[in-house]
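The structure appears below as C-alpha cells.
Values in this text are rule-based calculations from the coordinates and carry no lab data. What you see is a predicted model, and the numbers here were worked out from it, not measured in a lab. With ideal geometry, Cβ positions are generated from the backbone for all residues, glycine too; neighbour counts draw on all protein chains shown.
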Amino acid sequence: MCLLSLMAAGTSAEELALDEAVHLALQHNTEIANTALDVSKANDRYAAFHTSIYPKFSVYAFGSQQLQPITATITKGSLGTYNIIGPLPANNVAYTTPMQPTGLILGSVKQPLLTLYRIHLNLDALKTNTQITAEKARSKRQEVVRNVKQLYYTIEQVQSSLAVTREAIVLYKETERLTSDYVAKQTALESELLQAQASLADAEQSELNLSNQEAKAKEQLNDLLGRDVLTEFDVTAIDAAHEPVIDLVAARKEALVQRPELKQAQLKVVQSEQELRAKRAEYIPDLSAEFNSVSLLNFSSFLPNGSYSVGLSLSWEPFDWGRKKYEIAEKKDTVTQDKNTESSTERKVIMDVDDKYRQIQQSWAKLHTADVTQRYAKENLRVSNNQYKVQAALLKVVFQAQTTLAQANSDYQHALADFWTAQAEFEYALGEDQ
C-alpha cells in the first residue's frame, strides 16, 4: 500500500485547460472525423457525376471461334447485265468464311447535347447536398464542443466538491479527537463520540463517491478528445462568474444566421427546388453526338474490315402513362414540406435561444444565493468550532454547522457548474463553433 501511494504521489497529472480540451476534441474526436469524411464523400460524389458532361468512350471486343462458316452467295446477274460482257457475275459466286478464330471490336464516342441541361441541374442539387453535409459536420463539431464544456465543468465541480469534502474530513477528525478527549475526561457522552465517528465515516464515503464520479467523467472526456481514456489530467479552476449581460434581440438574430440546422433547412429547400427542375427537364429528349466504329478481325476478305460513322442519336419517351407527371407532383410536395420545415426550424431556434437565456438568468440567481449561503455557513462553523473548543457550545451545534456548511459548499459548486453549463448551452444555441 505504501509503495502504491508513493507511485501515485510521484505521478503528476497534466493540467488540461478548457481551450486545449476543445482544440483536442476538434482535432481528434472520432465523430468529427467521420462527419469530415462525409463531406469528402459528398465532394467525391459531385466530382464523379460532373464527369457526365464530358464525352463517353466505350469499347466492346468479342473473340470467338466459328462453329459454322458464314456463306454469302452473289447470284448471276445481280450486279447487272451488260451488252458487251453479259450478266455480272456470269455465274453464281459463293463466299465462305474460314473456320478459324475471329474477332469483333466496337468503339464509340458519345457526347451529350440536350442532356447537358439536365446534368447541370442535377449537379446543382449535388452541390447543394455537399453544402448540407458540411453544415451537418459543423453541427457535429458544435455538439462535441458543447459536450466537452459540460464534462469539463462537471469534472471541475466534482474536484471542487472533493476539495471541500477533504477539508470537512479534516474538521471531522479534529472534532472526533476533541470529543474523544472530552469522553476521557468524562465531560462528553460516548454517544457524542459515536456521532462524531459516524459523521467522519459518512464524509469519507462521500469522498469515495466523488472520486468515482471524477474518474468516470474523466474517461468520458478523454473519449471525446479522441485519446486513451486512462490518460490522467486535472482541470483548471473555473473562473469567477460574473453576471451575464446579454442582448436577447441581437442573440436571436445571431442564431438565425449561424445555427447549422436552420442553414440545413434553408439549403434543403434550395435542393428540393433544384431536383424539381431536374425532374421537369426529363421531358427534353436525350440528343447526343456520336462517333462509332466496327472492326472485323480474321473474317473473309469479302466482308469489309471496318465501318465508321458519325451522327446524332435521339432517345425520347413520348408516352410514359403519367409517370413523369406524378414524379413532378411528388417533388412539388417535397418542396412544400421543406419550406414548412424551414419555418418550423426558425421558430424553434428562436424558442431555444429564449429558453437558454432564461436558464442563464435562473442559474445566475441560484449561484448568487448559494454564494451568500456558503459565506454564512463558513462563518457559522468557525464560530461554533471556537465555542466548542472552550466548551461554550454543544457538539450538536458543531455537527449542525458542519452539515450546513457541507450542504452550502455542495450547493455552491453545483450552482457554479450549472451556471457555466448554461453559458455553454447558450453559446451552442447561438450556433458558435467554439
Exercise for the section: Using label points projected 7 Å from each Cα along Cα→Cβ, tell me how many nm separate Asp371 and Ala13, to one decimal. Expected result: 2.7 nm
Completion exercise
A chain fully extended from Ser211 to Arg277 at 0.36 nm per residue, minus the present Cα-Cα distance, gains in nm 17.7 nm
Problem - Reach of Lys185 by Cα under 20 Å, taken over aspartates and glutamates that are not fewer than 8 positions away in the same chain - result: Glu174, Glu176
Handout entry: Size of the stretch 31-71 as Cα extents on the principal axes (Å, biggest first)
Key = 68, 25, 7
Completion exercise
Listed residues Ala198, Ala94, Ala370; largest mean-square fluctuation, Gaussian network over the chain with Cα springs below 10 Å, found at Ala94
Handout entry: FRET E, pair Thr231, Asn43, Förster distance 41 Å, beta-carbon r, rounded to 0.05
Key = 0.75
Fill in the blank from the handout: By the Cα gyration tensor axes a ≥ b ≥ c (a/c under 1.5 gives rounded; else a/b larger than b/c gives prolate, otherwise oblate), the shape of the stretch 210-293 is oblate
Exercise for the section: Report, in whole Å, the centroid distance computed from the Cα atoms of the stretch 223-271 and the stretch 409-434. Expected result: 11 Å
Completion exercise
Note: Asp333 to Ser64 extended length (0.36 nm per residue) minus current alpha-carbon separation gives 91.4 nm
Problem - Candidate lysines - alpha carbon under 21 Å from Lys263, same-chain residues fewer than 8 apart omitted - result: Lys41, Lys127, Lys136, Lys140, Lys253, Lys331, Lys332, Lys339, Lys348, Lys356
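For Lys110 and Asn340 in the same chain, what is the full-extension length gain: residue separation times 0.36 nm, less their Cα-Cα distance, in nm?
Working: separation 230, 0.36 × 230 = 82.80 nm, distance 4.24 nm.
Extra length from Lys110 to Asn340 when fully extended: 78.6 nm.
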Fill in the blank from the handout: Distance in Å, no decimals, from the C-alpha centre of the stretch 337-384 to the one of the stretch 89-129 is 69 Å
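Taking the mean number of other Cβ atoms within 10 Å as a proxy for protection, how do you rank 314-323, 255-264, 288-297 from highest to lowest?
Working: 314-323: 9.1, 255-264: 19.6, 288-297: 15.6.
Ranked from most to least packed, the peptides come out as 255-264, 288-297, 314-323.
Highest first, please rank the peptides 268-279, 186-197 by the mean number of other Cβ atoms sitting within 10 Å of their residues.
Values: 268-279: 19.2, 186-197: 14.8.
The packing order, highest mean first, is 268-279, 186-197.
Kirkwood hydrodynamic radius of the stretch 56-95 from all distinct Cα pairs, in Å?
Numbers: mean 1/r = 0.0749 Å⁻¹.
Taking the inverse mean of 1/r over all distinct Cα pairs, the stretch 56-95 comes out at 13.3 Å.
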Completion exercise
Taking a crude spin-label model, label points 7 Å out from Cα along the C-beta direction, the Val257 to Glu290 distance in nm is 5.5 nm
Practice task
Please work out, to two decimal places, the log10 of the ratio I(q)/I(0) at q = 0.13, 0.22 Å⁻¹ from a Debye calculation in which every Cα of the stretch 58-178 carries one identical scatterer.
Solution key: -0.92, -1.18
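Using only C-alpha atoms and all pairs of different ones, pull out the Kirkwood radius for the chain in Å with one decimal.
Numbers: mean 1/r = 0.0328 Å⁻¹.
Kirkwood hydrodynamic radius for the chain: 30.5 Å.
With the contact rule set at Cα under 8 Å and sequence spacing of 6 or more, what percent relative contact order holds for the chain?
On the way: 556 pairs, mean separation 98.6, N = 434.
RCO, the chain: 23 percent.
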Completion exercise
Simple SL model, points at 7 angstrom along Cα→Cβ for Arg166 and Asn92; separation in nm is 11.3 nm
